[in-house]
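Asks: The structure is given below, and queries will be raised subsequently.
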Amino acid sequence: MELIASGRDADVYALDGHRVLRRYRHGGPTEREARLMAYVAEHGYPVPRVHDVDGADMVMERLAGPTMVEVLARRPWRVRRLGRQLGALHDRLHAIPAPGWLPVGFAGTDDDRVLHLDLHPGNVVLTGRGPVVIDWRNAAAGAPAADLAMTLVTVGTADIPWPVVRAGRGLLLRGLRAGSRADPGPWLRAAVETRRGDPNVTAREAARLRAFAEAPGKVSGDG
């Protein structure tokens, strides 16, 4: 099989022109992930079709198009527009009531919505039919603003290989805030602590998270 993508905890292989195999290196809740993807798809949310699940393996629809972060690297002048689009994807998801079988991630007064909890530009594929959201491993039920806070913290502190994307990070985050109706402020500290507990966080990301924790209300575009 041809390896076509590799993330922090999974690899993606091409099976043919229409299907890919997503293989988690250390296992994962693939059956629940596939079930949730089917659930949000029934509510009109854009996700890849899942063909089969077997242990740590998931066979899915092969999407044609670049990720949002790849577009940002090639066309940085679109940063504000793409940020707003990302915010709109958050609000569109948070209109979906969480099914009873989905574990609660960030409980609040409005903790009955579906949260992706990793909805950043690297997990949005811009296809001919519009943006499609991938990688639902971390999804949970919870308060919508917490999902937006997780994205702000993740994007605001992530190691980004493209200098042009790093330079536009602040504009992207401000576009994200403008594109969503949610107020992430009350959830930023919790998002920072959750992110700090991720074993995949690099040393440089951990340093940015410490700085972010000292001023969680500040959205920075520093590289």
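The values are calculated or read from the model by the stated rules, or taken from the named source; none is laboratory data. Quick caveat, the model's predicted, so the values are computed rather than measured. Cβ sites come from the backbone with ideal geometry, for glycine too, and all protein chains shown count toward neighbours. Ligands, DNA and RNA are excluded from the accessible area calculation, which covers all protein heavy atoms including side chains. Shrake-Rupley method; radii C 1.70, N 1.55, O 1.52, S 1.80 Å.
Asks: Report the residue, chosen from Asn138, Asn123, Asn200, that carries the largest GNM mean-square fluctuation when the chain is represented by alpha-carbon nodes joined by springs under 10 Å.
Replies: Asn200
Asks: Given the protein chains as shown and a 1.4 Å probe, how many square angstrom of Glu2 are accessible, to the nearest 10?
Replies: About 110 Å², ignoring ligands and nucleic acids.
Asks: Right, next: Using a Förster distance of 25 Å, how high is the FRET efficiency between Arg49 and Asp9, based on the Cβ-Cβ distance and rounded to 0.05? Walk me through the numbers on the way to the answer.
Replies: Values: r = 22 Å, r/R0 = 0.88.
E between Arg49 and Asp9, to the nearest 0.05, is 0.70.
Asks: GNM on the chain, C-alpha springs below 10 Å: top fluctuator among Arg129, Arg62, Arg35?
Replies: For the chain, modelled as a Gaussian network with Cα springs under 10 Å, the answer is Arg129.
Asks: Using 7 Å Cα-to-Cβ label points, what is the Glu61/Trp162 separation (nm, one decimal)?
Replies: 2.4 nm
Asks: Using the Cβ atoms and a cut-off under 12 Å, what net charge is assigned to the surroundings of Asp118, where Lys and Arg are +1 and Asp and Glu are -1?
Replies: Values: positive: Arg8, Arg137, Arg195; negative: Asp9, Glu33, Asp135, Asp147, Asp198.
Spelling it out: positives minus negatives among the neighbours equals -2.
Asks: Here is a further query. Would you mind telling me which residue in His116, His90, His18 has the biggest mean-square fluctuation in a Gaussian network model of the chain, where springs connect alpha carbons within a distance under 10 angstrom?
Replies: His18
Asks: Further, regarding this structure: Which whole-number value in Å² is the accessible area per residue of the stretch 111-223, probe 1.4 Å?
Replies: Details: 4670 Å² over 113 residues.
Using a 1.4 Å probe on heavy atoms only, each residue of the stretch 111-223 averages 41 Å².
Asks: Determine the dipole magnitude for the chain: charges of +1 sit on the beta-carbon of Lys and Arg, -1 on that of Asp and Glu, nothing else is charged, the reference point is the Cα centre, and the result goes in debye to the nearest 20.
Replies: 1000 debye
Asks: Return the whole-Å distance between the Cα centroid of the stretch 14-51 and the Cα centroid of the stretch 71-115.
Replies: 18 Å
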